[in-house]
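Values quoted throughout were computed directly from the atomic coordinates according to the rules given, and no laboratory measurement underlies them. Note that the structure is predicted; figures quoted are calculated from it, not measured. Please note: Cβ atoms are built from the backbone with ideal geometry, for glycine as well, and neighbour counts cover all protein chains shown.
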Amino acid sequence: MYRRRSLYLFALPALIVIAIFFIYPIWLTGQMSFTNFAGIGAAENVGWKNYERIFSRARYSDAIWITLLFTVIVVAALTVTGLFFAALLHRLPLIRNFCRAALYTPAMMSFVVVAYVWQFIYSPLNGGLNALLESVGLGFLQQNWLGDPDIALYAVAFTQIWMFTGFTCAIFLAGYSGIPEEIEESARLEGASSWQRFRHIELPLLAPSMTVSIILTTIGTLKTFELPWILTKGGPDGATRTLSIEIIDNLFGQYKFGFASALSMVMLVIVLAVAFVQNKVLREREKVT
């Protein structure tokens, strides 16, 4: 009994911090989402009007769809590229540490720096990407990468993928370090090829790392604001206008604190729902593998 009380006592500071900086703000946001509060003055209760507006106007349903599509693209690509580089570096121990550091460097950079660098790369006027295509004889592939509504979202997604591939690679490399060498050595002695070892041994044993990687990258991508905002400001024609941009625009651009709070609660529900489903499905997959 004394030990249990000691555990509660040690956990109390963390619980207080969570209550003050996490639970209480969510509670206030939930309350504000049912008002027309504009930042100053009295807040008038409007009931479910803010939520009705969100789900009755195409602009906001499009923002939710764009956010989900962006997340699917980024998470799928990060999982594949991170796993690819981790499997490659696992087989190249002599350069593993150097390459791991090089891959992880973009993830440590500021979103603002990365966004402005890639804004220059994507520039249709002597931008790095179009200049490269021209120099290798592929000028016909030149595009207005951030100005075309059909490809702008994919251009922004590629920037995020480039930035965080090293992050997912590090997670998978940590998973590789937990695979017993005896298992792989036995597979080699049995004549298993590199692909067979990856497919039948490494991939199943990396299931916990895949769960962590997918959930973390999904939550982070659903909340992405900086890259789409700096690269395109939600354009062109709303093609990259994510839910985060809508929240910030309504909050600081139009001073609709109540409506922005409703959008924030919708985002919270989406993040929790997606994370819950992913966790359940991926945990079940771990048991199967």
**Request:** Report which label in (i) 16.4; (ii) 12.4; (iii) 22.3 holds the value of mean projected area of the Cα convex hull in nm² derived from the coordinates of this structure.
**Result:** (iii)
**Asked** Any idea how far apart R91 and N45 come out in nm if each label point goes 7 Å out from Cα toward Cβ?
**Response** 6.5 nm
**Complete:** Rounded to the nearest 500, the 222 nm mean residue ellipticity computed for the chain from DSSP H runs (n ≥ 4, each -39500 (n - 2.57)) alone is -22500 deg cm²/dmol
**Prompt:** Out of residues 5 or more away from T35 or on other chains, whose amide H comes under 5 Å of its own, with H placed 1.01 Å from N in the peptide plane?
**Reply:** V46
**Prompt:** How do I248, I26 rank when sorted from fewest to most other Cβ atoms within 10 Å of their own Cβ?
**Reply:** I26, I248
**Asked** Taking the Cα-to-Cβ direction at N126 and at I219 and moving 7 Å from each Cα, how far apart do the two end points lie in nm?
**Response** 4.5 nm
**Asked** Which of the peptides 105-111, 217-223 is most tightly packed, and how do the rest follow, going by the mean number of other Cβ atoms within 10 Å of each residue?
**Response** 217-223, 105-111
**Fill in**
Result: in the chain the number of Lys pairs with C-alpha under 30 Å apart, spaced 8 or more or on different chains, is 8
**Packing-based ranking, highest mean first, of 230-238, 192-200 given that Cβ atoms within 10 Å are counted** = 230-238, 192-200
**Message:** Contact order normalised by length for the chain, with contacts defined as Cα pairs under 8 Å and 6 or more residues apart; what percent is it?
**Reply:** 29 percent
**Estimated inter-spin distance, S194 and E134, nm [label 7 Å along Cα→Cβ]** = 3.8 nm
**Asked** What order do you get for 252-265, 134-147 when each peptide is scored by the mean count of other beta carbon atoms within 10 Å, highest first?
**Response** 252-265, 134-147
**Item:** Span-rule helices in the chain, defined as complete DSSP H runs reaching 15 Å or more along the axis (Cα) with Kyte mean at least 1.6
**Value:** 58-90, 111-122
**Message:** What is the sum of charges, Lys and Arg at +1 and Asp and Glu at -1, for the other residues whose Cβ falls under 15 Å from the Cβ of Q160?
**Reply:** 0
